[in-house]
Amino acid sequence: MFELIPFLLERLGIMIILAFILAQWGPTRRLLKQPEAGWQFGLLILIFATYGILSNYTGVKVDLAKFLPHTWLEQVDGTSAIANTRTMIVVISGLLAGPIGGTITGLLVGIHRYTLGGFTAFACALSTVVAGGVSGLLRPYWRDRLGSRALLPICLTGFLMVFEMSLILLFSDPFPAALELIQFIFLPMTVVNVLGVWLFLSIIRLAAREEEHVRAREAERSLHIADLTLPHLTRGLTIQTAEAVADILLQQTRADAVSLTDQSVILAHIGVGSDHHQSGGHWTTRPTEHVLTDGQLRLVTDRDEIGCPKADCPLQAGIIAPLTIGETTIGTLKVYYPHPELLDAVEVELIEGLAKLFSTQLALGKAERQAGLLKDAEIRALEAQIHPHFLFNAINTIYALCRTDVEQARTLLLELSTFFRSNLQGARSTKIPLQKELEHIEAYISLEAARFPSRPFVDIDLEDGTEQLLVPPFVLQPLIENAFQHAFSPGQTGYVGVTAWLTADQLVLEVVDNGRGIDAERLTRLGREVVESNGTGTALFNTAERIKSLYAENGSFRLTSQPGEGTTITIHLPIETGKEVSHAHDPN
């Protein structure tokens, strides 16, 4: 009995070698995770069936308690049988390919075993089909629910060997010969098949883990490079950003040279060949033209294929990947290597992935710049809506005073000049010192006082240190104008207070009046939407929107009021110091 084990182990060695070959095939590793349909699934079943048939042919011929070593088994007759690793192959097929794959493999291998003959042919064929189907049905438990992946295959194989021996006793004739055969082959075949299943699946699992580790390392490497290049590529594809990105890639990869181009010229080339592949020059190489045309990645494996016009160009091989925004190829990423052998699948996948990440970064940068332009346009439009009606009234007032009080008209012209200058400065800036905003307010108050001498009294109170803090232009003037226009009845005097102070990390601006106030229903809408009326709705909404656009969650605009008691508008802004901030895209 035990003398049979070395011969079976020899046959097992053949199967393990084949397992190693199978483990290098990508679809096998994918099927280990998720069954697939299509040609890959069919090919895998065909391979397992071939392995099973090969196991039949290379099995050890056993005649009762005797066996004869041989290299290839073609026919079994009389009271002879086959000791082999057939069950191992069928079990693995079911565990990897599921019930359909396992059953088909078992059926093909079982039919082949039946054609070889022998008094155990029917029992062996039937047990092979059952083994494939049962193994396939247990695939989900092996994959997902058992703590040890080795436990189920080992127990399953042992059970199926017992099942096969039982069928031999049940269907094989004569019974005494079947019993003698089982006593001789049961233990060696069980040990070898159980060992084979464990080794076979271990090889496949180790190969899958190695692939996962490689992918994890490459993903980490890609993300690290993407993190380094993000600050540059979001600013667009320029000579400066391309040089920074090329330098990063040269340090982080095995490349000899890295180049980035746009649709017409080389933006950057760092590494070998930089003496004639220079920034600003034409990209010159034919593969680059092809990538720009069809947007498909290209591999170049020799100097002639690169097509550089310089005869002694040191560039030997490389990867040229498209950089795209939407459906448009806007440039290329070219990575060159000293030998074509370095263009392995891992390196190609890395560069292709980086090109996609770079394309995403370029698209995000473009979108961000467009959003900035749109925000500037919105802010300027809001600013332009605040003051036109006032300017017409001021000009009419000065025109009337030219006949009755020339000196006052002259003074008001100077105030109007100050007001205009403040408007122009505000239109060019997103932030100005609070002191400049107050100059704007004072000019406005002077012009209004000339029109209506009984205008409410305005008191301005600033906490020390707030004068030079930055605020949005026109943030206070429209609020005071609203108070003048709508908080008081014509000819009614009153009080408007403007206060600024610091609290925690914010600047607080407050405009208070003791006018007629606002009813509750209208109050809920003001500042949140444009209210159709003869006042306050548009100006308050524009001011609130500008604060939201500039500061998002860091700023706030709050309106409170009590009918008959007055209105309070409170603005919270983050504390910002420094010089006046121009619009992000101001051409001046």
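The residues of the stretch 287-315 that are of a type outside the set (Val, Ile, Thr) and in contact (Cβ under 8 Å) with a residue 40 or more places away in the chain, listed by number, are Leu292, Leu297, Leu299, Cys313, Pro314, Leu315.
So, of the residues in the stretch 202-236 that are at negative phi and not in a helix (DSSP H, G or I), which turns out to be nearest to the chain's Cα centre (by Cα)? Step by step, filter the stretch 202-236, then rank; the result is Thr234. Contact annotation: residue pairs with Cβ atoms under 9 Å, 6 or more positions apart or on different chains, pairing a residue in the stretch 316-344 that is under 16 Å from Leu297 (Cβ atoms) with a partner that is crowded, with 23+ Cβ neighbours inside 10 Å and of a type in the set (Lys, Arg), are Gly318/Lys334; Ile319/Lys334; Ile320/Lys334; Ala321/Lys334. Return yes when Ile351 is among the hydrophobic types (A, V, I, L, M, F, W, C) and crowded, with 22+ Cβ neighbours inside 10 Å and no when it is not. Yes. In the stretch 496-517, of all residues being among the hydrophobic types (A, V, I, L, M, F, W, C) and out of contact with any His (no Cβ under 9 Å at 6 or more places or on another chain), the one that is modelled with the lowest pLDDT corresponds to Ala504. Of all residues in the stretch 219-262, those that are within 14 Å of Val335 (Cα to Cα), touching a Leu at 6+ places or on another chain (Cβ under 8 Å) and surrounded by fewer than 16 Cβ atoms within 10 Å (Cβ to Cβ) total 1.
This table checks each residue for (1) within 22 Å of Ala121 (Cα to Cα); (2) in the same structural domain as Asn84 (by TED's automatic domain parsing); (3) touching a strand residue (DSSP E or B) at 6+ places or on another chain (Cβ under 9 Å).
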residue: Leu151; (1), (2), (3): no, yes, no
residue: Thr157; (1), (2), (3): yes, yes, no
residue: Phe163; (1), (2), (3): yes, yes, no
residue: Gln183; (1), (2), (3): yes, yes, no
residue: Phe186; (1), (2), (3): yes, yes, no
residue: Met189; (1), (2), (3): yes, yes, yes
residue: Gly196; (1), (2), (3): no, yes, no
residue: Ser202; (1), (2), (3): no, yes, no
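Just so you know, in the stretch 237-257 the residues that are outside any helix (DSSP H, G or I) and within 24 Å of the chain's Cα centre (by Cα) include one that is nearest to Ala317 (Cα to Cα), and it is Thr253. Cβ-Cβ distances below 8 Å connect the following pairs, each with a first residue in the stretch 262-276 that is small (Gly, Ala, Ser), a second residue that is at pLDDT below 85, and a separation of six or more residues or different chains: Ser264/His282; Ser264/Trp283; Ala268/Ser279; Gly273/Cys308; Gly273/Cys313; Gly273/Pro314; Gly273/Leu315. For Ser259, the stated conditions do not hold, so it cannot be described as modelled with pLDDT under 80 and in contact with a helix residue (DSSP H, G or I) (Cβ under 7 Å, 6 or more places away or on another chain). Give the residue that is nearest to the chain's Cα centre (by Cα), with candidates limited to residues of the stretch 101-115 that are within 13 Å of Arg86 (Cα to Cα) and crowded, with 24+ Cβ neighbours inside 10 Å. If we take residues in the stretch 101-115 being within 13 Å of Arg86 (Cα to Cα) and crowded, with 24+ Cβ neighbours inside 10 Å, then Gly102 is nearest to the chain's Cα centre (by Cα).
Scanning the stretch 338-383 for residues that are over 20 Å from Ala219 (Cβ atoms) and modelled with pLDDT of 85 or more turns up Leu362, Ala363. Residues of the stretch 274-294 that are touching a Leu at 6+ places or on another chain (Cβ under 9 Å), at pLDDT 80 or above and not hydrophobic (A, V, I, L, M, F, W, C): Pro287 alone.
Reported count of residues in the stretch 270-291, each being in a helix (DSSP H, G or I), crowded, with 19+ Cβ neighbours inside 10 Å and in contact with a Gly (Cβ under 8 Å, 6 or more places away or on another chain), is 1. Just one of the listed residues (Gly94, Gly110, Gly158, Gly136) is over 24 Å from Leu44 (Cβ atoms) and of a type in the set (Gly, Ala, Ser), and it is Gly158. Pairing residues of the stretch 34-46 that are over 19 Å from Ile89 (Cβ atoms) with residues that are modelled with pLDDT under 70, at Cβ distances under 7 Å and at least 6 apart in sequence or on separate chains, gives Glu36/Arg30. In the stretch 295-302, the condition of being modelled with pLDDT under 85, assigned to a loop (DSSP other than H, G, I, E, B), within 24 Å of Gly365 (Cα to Cα) and polar (S, T, N, Q) is met by no residue.
For the stretch 303-328, the candidate set comprises residues that are in contact with a helix residue (DSSP H, G or I) (Cβ under 8 Å, 6 or more places away or on another chain) and in a loop (DSSP other than H, G, I, E, B); within that set, the residue that is farthest from Ile351 (Cα to Cα) is Cys313. Residues that are at pLDDT below 85, surrounded by 16 or more Cβ atoms within 10 Å (Cβ to Cβ) and assigned to a loop (DSSP other than H, G, I, E, B) do not occur anywhere in the stretch 564-582.
In summary, Leu151 fulfils each of the numbered conditions (1) in contact (Cβ under 8 Å) with a residue 12 or more places away in the chain; (2) within 46 Å of the chain's Cα centre (by Cα) with the single exception of condition (1). With respect to the conditions (1) buried (at least 24 other Cβ atoms within 10 Å of the Cβ); (2) not in a helix (DSSP H, G or I), Phe119 lacks only one, and its number is (1). Taking the stated definitions as given, is Asp302 among the charged types (D, E, K, R), surrounded by fewer than 20 Cβ atoms within 10 Å (Cβ to Cβ) and more than 21 Å from Tyr337 (Cα to Cα)? Here the answer is no, as Asp302 does not meet what is asked.
Taking the criterion of being of a type in the set (Val, Ile, Thr) and part of a helix (DSSP H, G or I), the residues of the stretch 329-356 that qualify are Val346, Val348, Ile351. Restricting Leu167, Leu160, Leu195 to residues that are farther than 29 Å from Gln24 by Cα and touching a residue at least 12 places away in the same chain (Cβ under 8 Å) narrows the list to Leu167.
The values are calculated or read from the model by the stated rules, or taken from the named source; none is laboratory data. Please read these numbers as outputs of a predicted model, since none were measured by experiment. In this analysis, Cβ positions are derived from the backbone assuming ideal geometry, glycine residues included, and neighbour counts consider all displayed protein chains.
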